[in-house]
Every structure is written in C-alpha cells, then in structure tokens.
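In what follows, a single structure is set out as structure tokens and then discussed.
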Amino acid sequence: MSTKKIYLLRHGQTDYNLQGIIQGSGVDSSLNNTGQWQAQRFYEAYHDVPFDKIYTSALQRSIQSVQKFIDKGIPHEKHPELNEICWGNREGTYVSPETDHSYFAVLQKWQEGECHLSIEGGESPEDVAARQRIFLDLLLSRPEEETVLICMHGRAMRIFLCVMLNYPLHCMDIFEHHNLCLYILHHTGSMFSVHRHMDIAHLGE
C-alpha cells in the first residue's frame, strides 16, 4: 500500500502580511526580514527530514520559505495550482471590517456554503479547489515520493486541506494558519489524516 507523509507549510511573513494588505495570486511579494528568520527557524528544525520532493506555488514568497531545502539539492517543482486564491480587484489593497463590508460579506457567504462566489474579478473557493485537485492527482500518482514538503499560501492552504480531507469547502476556516505554520498529513492508500495542526513550535511562539 502506498503511503505518504506530507509536510504542508504556509509561506513566511511579507511586508504585505505585516501591513494587512491582500496579496493573492497576483501580488508576487518577497519575504521580509521576519519571514526570512521564520524560514531559517523552520530549516533548523526540519533539515534532517529526508524529503523526497519539494513542491511550491509559482510565487516567490513560497519558494523563498523553503529555499534552504532546495539549496541542499532536494528536487523541487513549482506548480501554479498551488498559488494563492486570486482576490480580484482587492489584491494589493488594505482591507478592514469597518470599511470593506462587501469583501467580508463574501467571506461570510463562504462560511454559509456559497463557495461558488468570488470577490469581483477573482476566484471562488470552488475555482481554487478545482485547480488544486489537478495537483493532488499528480502528487498521488508518484508513490516513490514518500516524504514531501509543500509550501503554499494561507487561504489556498485552507482550501487544499478541505480537498485532501474531503471536507466541504465551507469548513475551510477551521484550519487556522500563521506565517510559516506547519500541518503534517499522512496518506495511507485511500485517505489523508492530520497528524499535526498549525504547528509553530519551531518559531518559539
């Protein structure tokens, strides 16, 4: 029976994270000094794990978060299917509950099950899940990759966890995230299970 251990990581902090500005798939920001520190701390904690493959999104903040593992010579692939959700006309803007009622109304609708809705010009959770399933099929078609590191993005990671665990997409907010947080999942032939949930012990927080 084919088994896999998946280390699923959110990228480190960017200045946009710090400022509360939405990034999405259309803003290709870099890690800031804190994000680089977080990446270093994760590397120090997990550099002995025998990863067979590293997968990242096509965005540089996800690649930079695991660059030290890539530099070790671990095979690495970039997949746009792992990119953050596209937030449409809100990408690159600051949002707050006090001033951006329509944005937060869409987030509320997602929690109520209307995951076909999107921010104007952006993707819906259903759109993101559809592209992620393409990547998941590829991942599961490679039984020789038993221990895998995946680095991606906050909202996309919530959706991907629902996809892997066969949860309804409206449950995505139960999966908390933090910059450079870790989920560990095992796949044993037919299903995934979560063995570590939003772990930030490596950050000392």
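The table below gives the values:
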| item | result |
| --- | --- |
| Label-point separation in nm, Ile184 to Ile134, each point 7 Å along Cα→Cβ | 3.2 |
| Rel. contact order, % - alpha carbon contacts under 8 angstrom, at least six apart, the chain | 32 |
| Global geometry of the chain, whether rounded, prolate or oblate, following the gyration tensor of its Cα atoms and the 1.5 cut on a/c | oblate |
| Within the accessible area of segment 4-197 (1.4 Å probe), percent carbon and sulfur | 48 |
| Candidate lysines - alpha carbon under 26 Å from Lys5, same-chain residues fewer than 8 apart omitted | Lys53, Lys68, Lys72, Lys78 |
| Estimated distance in nm for a label pair at Glu144 and Asn33, the labels positioned 7 Å out from Cα along Cα-to-Cβ | 4.4 |
| Acute angle (nearest 10 degrees) that the helix 33-46 long axis makes with the longest principal axis of the chain, alpha-carbon atoms | 30 |
| Degrees separating the helix 154-165 axis from the principal Cα axis of the chain, which is the longest one | 60 |
| Per-peptide average of other Cβ atoms within 10 Å, ordering 133-139, 152-158, 92-98 highest first | 152-158, 133-139, 92-98 |
| Centre separation in Å (Cα based) which lies between segment 45-62 and segment 17-37 | 18 |
| Net lengthening on full extension, Val49/Lys78 (0.36 nm per residue, minus Cα-Cα) | 8.4 nm |
| Simple Cβ-charge dipole of the chain, Lys/Arg +1 and Asp/Glu -1, about Cα centre, in debye nearest 20 | 440 |
| Max mean-square fluctuation residue, GNM over the chain, Cα-Cα springs under 10 Å, options Phe104, Phe69, Phe160 | Phe104 |
| Selection from Cys181, Gln40, Gly12 lying farthest towards where the dipole of segment 4-197 points positive, charges on Cβ | Gln40 |
| Degrees separating the helix 125-140 axis from the principal Cα axis of the chain, which is the longest one | 10 |
| Surface accessible to a 1.4 Å probe, Trp87 within the full protein complex, Å² | 20 |
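The values are calculated or read from the model by the stated rules, or taken from the named source; none is laboratory data. In this text the structure is predicted, and so the values were computed from the model without any measurement. Backbone-built Cβ (ideal geometry, glycine too); neighbour counts: all protein chains shown. In case anyone asks, the SASA skips ligands and DNA or RNA and just uses the protein heavy atoms, side chains included. Shrake-Rupley method; radii C 1.70, N 1.55, O 1.52, S 1.80 Å.
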